[in-house]
Amino acid sequence: MPGPLLPFDLDLLRTFVAIVDNGSFTRAAQRLSLTQSTVSLQIKRLEDGLARRLFDRDGRELRVTPDGEILLTYARQILGLGAEVLSRLVESEVSGVVRLGTPEDFATTHLSEVLACFARSHPQVALQVNCDFTLNLLDDFGKGRYDLILFKREPQGPTGGTKVWREVLDWVASPRVVVETGSPIPLVLAPAPDVYRKRALSALDAAGREWRIVYTSPSLAGLQAAVQAGLGVTVLPTEMIPANMISVSAGLQLPKLPDTEIVLYRAPGHVSPAAELLSSTIVAALEQVRPGGKP
């Protein structure tokens with residue numbers, strides 16, 4: 001008796017990943033500009049070919065099966081390799097302007113090399129990259145000012161956009177900082193509506209800890225300079241803690257901070273080939289380096 005087929009058709013895998021990332025067949029259909037019946041048919045073909053069920057439906061909730069979780073990891077890698085092949089062999093002449101919005105810290109830490117490699121591989125594509133706070137990015141995205149945005153949000157499971165990173169946050173300060181016992185925690189934070197600011201103040205309020213903001217700056221470099229000078233405590237992803245700063249969570253008995261996630265949004269409707277290629281490149285590159293291969 002013949003074994004299951006290996007239906008690694010890129011369109012089927014792309015649809016499968018879109019369903020996981022968007023949390024439903026309906027939203028995946030909208031994202032891919034397909035009908036819901038087409039999406040359902042593609043998943044049926046994929047499940048029939050693998051002889052495995054990929055989704056469990058419990059009422060309105062859609063969950064990925066263990067077999068689906070295994071396929072998801074490889075599907076992302078296959079799609080990433082497919083994008084790389086197109087980049088090298090077919091789309092080397094792609095051209096146009098791509099407008100990308102991203103948080104400053106994420107751009108400097110994780111995107112700089114990705115964007116540099118993309119620019120070298122596609123010299124006819126002009127990248128317009130703007131760094132801003134999440135609320136501003138989302139507002140401008142809604143006004144059509146970006147083709148792609150990366151932004152920070154509360155972890156929401158497999159819903160809305162493509163998750164590319166998960167940030168574990170920590171309380172960080174210079175070793176020279178001095179906080180008197182019982183005194184308010186001196187905070188160095190970006191202005192509202194920064195996600196880390198919201199995280200810090202909400203966590204301290206919930207824990208009943210007094211705080212005071214001693215320094216505010218919209219610039220990551222400005223915040224880090226203030227922290228290095230010993231002015232106060234800030235919030236950073238654990239992977240971004242500089243060598244001249246330390247975690248002070250335990251020493252100051254500060255509350256645990258919830259994680260954030262970085263999500264990629266594409267402009268609704270059809271995006272340009274250059275924007276689609278940059279989107280695929282970012283997702284594939286971050287898939288290779290993020291811990292455990294999962295957001």
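The values are calculated or read from the model by the stated rules, or taken from the named source; none is laboratory data. Source: prediction; values computed, not measured. So basically every Cβ, Gly included, is an ideal-geometry build from the backbone, and we count neighbours across all protein chains shown.
Is there a residue in segment 172-187 that is free of Cβ contacts under 8 Å to residues at least 60 places away in the same chain, within 28 Å of the chain's Cα centre (by Cα) and outside the structural domain of Phe133 (by TED's automatic domain parsing)?
The answer is yes, given that some residue of segment 172-187 is free of Cβ contacts under 8 Å to residues at least 60 places away in the same chain, within 28 Å of the chain's Cα centre (by Cα) and outside the structural domain of Phe133 (by TED's automatic domain parsing).
Please state which one of Glu276, Glu210, Glu239 is among the acidic types (Asp, Glu) and under 22 Å from Arg166 (Cα atoms).
Glu239
For residues in segment 111-140 being surrounded by fewer than 16 Cβ atoms within 10 Å (Cβ to Cβ), modelled with pLDDT of 90 or more and of a type in the set (A, V, I, L, M), which is nearest to Arg199 (Cα to Cα)?
Of everything passing the filter in segment 111-140, Val129 is nearest to Arg199 (Cα to Cα).
Check Ala203, Ala284 and return the single one that is buried (at least 16 other Cβ atoms within 10 Å of the Cβ), of a type outside the set (Asp, Glu) and within 20 Å of the chain's Cα centre (by Cα).
Values: Ala203 fails: within 20 Å of the chain's Cα centre (by Cα).
Exactly one of Ala203, Ala284 is buried (at least 16 other Cβ atoms within 10 Å of the Cβ), of a type outside the set (Asp, Glu) and within 20 Å of the chain's Cα centre (by Cα), namely Ala284.
Any idea which of Gly269, Gly208 is in the same structural domain as Phe106 (by TED's automatic domain parsing) and more than 21 Å from Pro103 (Cβ to Cβ)?
Values: Gly208 fails: in the same structural domain as Phe106 (by TED's automatic domain parsing).
Answer to the check: Gly269.
Is it fair to say Thr238 is among the hydroxyl-bearing types (Ser, Thr, Tyr), under 30 Å from Val97 (Cβ atoms) and at pLDDT below 90?
No, not satisfied.
Could you look through segment 248-264, keep only residues that are in contact with a strand residue (DSSP E or B) (Cβ under 8 Å, 6 or more places away or on another chain) and at pLDDT 90 or above, and pick out the one that is nearest to Glu167 (Cα to Cα)? Spell out how you get there, then give the answer.
Step one: list which residues in segment 248-264 are in contact with a strand residue (DSSP E or B) (Cβ under 8 Å, 6 or more places away or on another chain), which gives 248-249, 252, 254, 257-264.
Narrowing the set further to residues that are at pLDDT 90 or above leaves 248-249, 252, 254, 257, 264.
Numbers: Val248: 18, Ser249: 16, Leu252: 22, Leu254: 18, Leu257: 10, Leu264: 14 Å.
Ranking the qualifying residues of segment 248-264, first place goes to Leu257.
Given the criterion among the basic types (Lys, Arg), at pLDDT 90 or above and part of a helix (DSSP H, G or I), identify the matching residue among Arg88, Arg45.
Details: Arg88 fails: at pLDDT 90 or above.
The unique qualifying residue is Arg45.
Would you pick out the residues in segment 238-260 that are surrounded by 17 or more Cβ atoms within 10 Å (Cβ to Cβ) and among the hydrophobic types (A, V, I, L, M, F, W, C)?
Within segment 238-260, Met240, Met245, Val248, Leu254, Leu257 meet the criteria.
Counting only residues that are over 30 Å from Ala126 (Cα atoms) and of a type outside the set (Gly, Ala, Ser), give me the strands (runs of 3 or more DSSP E) lying completely in segment 190-279 with at least 2 of them.
Those strands (runs of 3 or more DSSP E) span 211-216, 234-237.
As an exercise: evaluate Ala267 against (1) under 28 Å from Ala119 (Cβ atoms); (2) in contact with a helix residue (DSSP H, G or I) (Cβ under 9 Å, 6 or more places away or on another chain); (3) crowded, with 19+ Cβ neighbours inside 10 Å and give the number of the one condition it does not meet.
(3)
Suppose the filter is over 19 Å from the mean Cα position of the chain (by Cα) and crowded, with 20+ Cβ neighbours inside 10 Å; does Val235 pass it?
Numbers: over 19 Å from the mean Cα position of the chain (by Cα): no; crowded, with 20+ Cβ neighbours inside 10 Å: yes.
No, not satisfied.
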